[in-house]
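Enquirer: One structure is given below, represented as C-alpha cells, and several questions about it will come after.
The values are calculated or read from the model by the stated rules, or taken from the named source; none is laboratory data. No experiment lies behind these values; they were computed from the predicted model shown. Counting neighbours? That spans all protein chains shown, and the Cβs are built from the backbone with ideal geometry, glycine included. Remember, those area values only see protein heavy atoms, side chains included, never the ligands or the DNA or RNA. Shrake-Rupley method; radii C 1.70, N 1.55, O 1.52, S 1.80 Å.
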Amino acid sequence: MVPRGFSDTLRAKTVTADEAAARVRSGDWVDYGGALVHPDLFDEALARRRDELRVVKIRGCVTMSPRAVLE
C-alpha cells in the first residue's frame with residue numbers, strides 16, 4: 001500500500017533531465033553507475049551544455065551504448 005501523499009511528495013522531488021543537468025557545475029564529478037543503469041536523458045542534457053562547462057569528470061562502469069557527453 002502506498003502511503004497517502006506519497007505521489008505528491010515524489011512529484012515535488014522529481015526534476016527533468018535538463019533541470020538536473022543545469023545543476024552540474026564546472027569541476028564536478030558525475031557518477032553514471034554501471035551497465036544498464038546509465039541515465040540516457042541526463043547524458044544527452046549534459047552533452048548539450050558542453051560549451052559552458054569545463055572539466056566535468058564522469059565516472060561510470062561498463063556502458064552498453066555510446067555516451068552523448070563523449071561524442
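Enquirer: Conditions first: (1) touching a helix residue (DSSP H, G or I) at 6+ places or on another chain (Cβ under 8 Å); (2) of a type in the set (D, E, K, R); (3) open to solvent by 60 Å² or more (accessible area, probe 1.4 Å). Arg67 passes all but one, so which condition is the exception?
Expert: With respect to (1) touching a helix residue (DSSP H, G or I) at 6+ places or on another chain (Cβ under 8 Å); (2) of a type in the set (D, E, K, R); (3) open to solvent by 60 Å² or more (accessible area, probe 1.4 Å), Arg67 is out only on (3).
Enquirer: Can you say whether Asp51 is at pLDDT 90 or above and surrounded by 12 or more Cβ atoms within 10 Å (Cβ to Cβ), as far as the supplied structure shows? Quick ask: steps written out before the conclusion?
Expert: Details: at pLDDT 90 or above: yes; surrounded by 12 or more Cβ atoms within 10 Å (Cβ to Cβ): no.
The answer is no for Asp51.
Enquirer: For segment 1-24, which positions are surrounded by 10 or more Cβ atoms within 10 Å (Cβ to Cβ) and at pLDDT 90 or above?
Expert: First pass over segment 1-24, keeping only residues surrounded by 10 or more Cβ atoms within 10 Å (Cβ to Cβ): 6-7, 9-10, 15-22, 24.
If the condition is that a residue be surrounded by 10 or more Cβ atoms within 10 Å (Cβ to Cβ) and at pLDDT 90 or above, then Val15, Thr16, Ala17, Asp18, Glu19, Ala20, Ala21, Ala22, Val24 are the ones that fit.
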